Amino acid sequence: MKSKLGPQRIMFPLPTALVVAGNMERSNIITIAWINMLTGLPPTLGVSIGSKGYSAELIKKNKDFSVNLASVEIMREADFCGITSGEEVDKFSATGLTKIPSDKIHSPIIQECPVNIECKLVETRMTGRTHQLVGEILQTHVDEDKIRDTKRPDSIDILSINPLIYYSRAREYWALGRKVGDAYKIGYELKQRND
Ligand SMILES: Cc1cc2nc3c(=O)[nH]c(=O)nc-3n(C[C@H](O)[C@H](O)[C@H](O)COP(=O)(O)O)c2cc1C
């Protein structure tokens, strides 16, 4: 038997991302869990932002944003950025998070986040009262001590990144468990049996 829960907003695990918009002088941080890769070529990602806050309009005005993946180590700061508004507080000074210049966009990236993704805003649409913002990825930064070979993105050490995972329906933060298999390989034997 399965429990029928109706149309729920259940999807997990979700990352906890800190999205920054603005410039080195003035910028805001919003905590976002509704974020996903959209296309590979060009590489794009999509961010869903409610219309009540300050950030969606700021991103639309500035035309770029950075996505900074939060680690468990900065859980408190990440949560703070999700319960306060840039309209009332400078979240960089309040949290002590460090902004550093991006390579290709105006919005800065966050030093304390192990992975930083620079995006140019390429598309926007409204779904209900939510902004769907599509960003083309122009640059990616990873802490050097968390990647085994700086030329190979597949050598990022996910355990040392220690991503902060969000379980949105329960409003809980989780940490990563363990590797359980190799994707695009583990199903191969079953595929052969069915070929
Ligand atoms: C863990 C977490 C995840 C969140 N995910 C989203 C999200 O995906 N989209 C969104 O619009 N708001 C999300 N929020 C809420 C915003 O971060 C919050 O409304 C914030 O105060 C808006 O800031 P701003 O007014 O400076 O833009 C999340 C909050 C938390 C704590």
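Using the crude model of +1 on Lys and Arg Cβ and -1 on Asp and Glu Cβ, and no other charge, please compute the dipole size for the stretch 1-70 relative to its Cα centre, in debye to 20. Mind showing how you got there, number by number?
On the way: 8 positive and 3 negative charges, 70 e Å.
Computed about the Cα centre, the dipole is about 340 debye.
Can you list which of the trypsin sites (Lys or Arg not before Pro) found in the stretch 124-195 are DSSP loop residues with at most 13 other C-beta atoms within 10 Å?
129, 148, 151, 169, 171, 178, 179, 185
Return the calculated 222 nm mean residue ellipticity for the chain, to the nearest 500 deg cm²/dmol, obtained by summing -39500 (n - 2.57) across DSSP H runs with n ≥ 4 and dividing by the residue count. Don't skip to the answer; put the middle values down first.
Details: 5 runs with 33 residues, N = 195.
After summing the helix terms and dividing by residue count, I get -4000 deg cm²/dmol.
What pairs from 99/151; 120/151; 52/91; 61/120 go past 20 Å between their alpha carbons? The partial results should precede the final answer.
Numbers: 99/151 25 Å; 120/151 23 Å; 52/91 17 Å; 61/120 12 Å.
Pairs exceeding 20 Å: 99/151; 120/151.
With the convex hull built on the Cα atoms of the stretch 14-194, state its orientation-averaged projected area in nm². Walk me through the numbers on the way to the answer.
Values: hull surface 49.6 nm².
The directionally averaged projection comes out at 12.4 nm².
Add +1 for every Lys or Arg and -1 for every Asp or Glu among the other residues with Cβ under 15 Å from the Cβ of residue 126, and state the total.
Details: positive: 52, 60, 125, 129; negative: 57, 123.
Charge balance in the 15 Å sphere: +2.
Could you work out the relative contact order of the stretch 14-194, using alpha carbon pairs under 8 angstrom and six or more residues apart, expressed as a whole percent?
On the way: 365 pairs, mean separation 42.6, N = 181.
With pairs under 8 Å counted, the relative contact order is 24 percent.
Can you pull the one-decimal nm distance between simple spin-label points at residue 169 and residue 4, each 7 Å off the Cα toward Cβ?
Roughly 1.6 nm, to one decimal.
Wrap a convex hull around the Cα atoms of the stretch 116-195, take a quarter of its surface area, and give that in square nanometres.
Mean projected area for the stretch 116-195: 9.6 nm², to one decimal.
What trypsin sites (Lys or Arg not before Pro) in the stretch 26-80 are in a loop by DSSP, with at most 12 other Cβ atoms within 10 Å of the Cβ?
When the trypsin sites (Lys or Arg not before Pro) of the stretch 26-80 are filtered for loop state and at most 12 Cβ neighbours within 10 Å, 26, 52 remain.
Note down the magnitude of the dipole of the chain about its Cα centre, charges +1 on Lys and Arg C-beta and -1 on Asp and Glu C-beta and zero elsewhere, to the nearest 20 debye.
Charge dipole, the chain, about its Cα centre: 880 debye, nearest 20.
Taking the stretch 90-192, which chymotrypsin sites (Phe, Trp or Tyr not before Pro) meet the DSSP loop condition and have no more than 15 other C-beta atoms within 10 Å?
Hits after loop and neighbour filter: 184.
Once you mark the GluC sites (Glu not before Pro) that are in a DSSP loop and have at most 10 other Cβ atoms within 10 Å, what is the longest gap between them in the chain?
Counting at most 10 other Cβ atoms within 10 Å as exposed, the longest clean stretch of the chain is 89-195.
Every number in this text was worked out from the coordinates using simple rules, so none of it is lab data. Everything numeric in this text was worked out from a predicted model, so none of it was measured. Here Cβ is always computed from backbone atoms with ideal geometry, including for glycine, and neighbour counts include all displayed protein chains.
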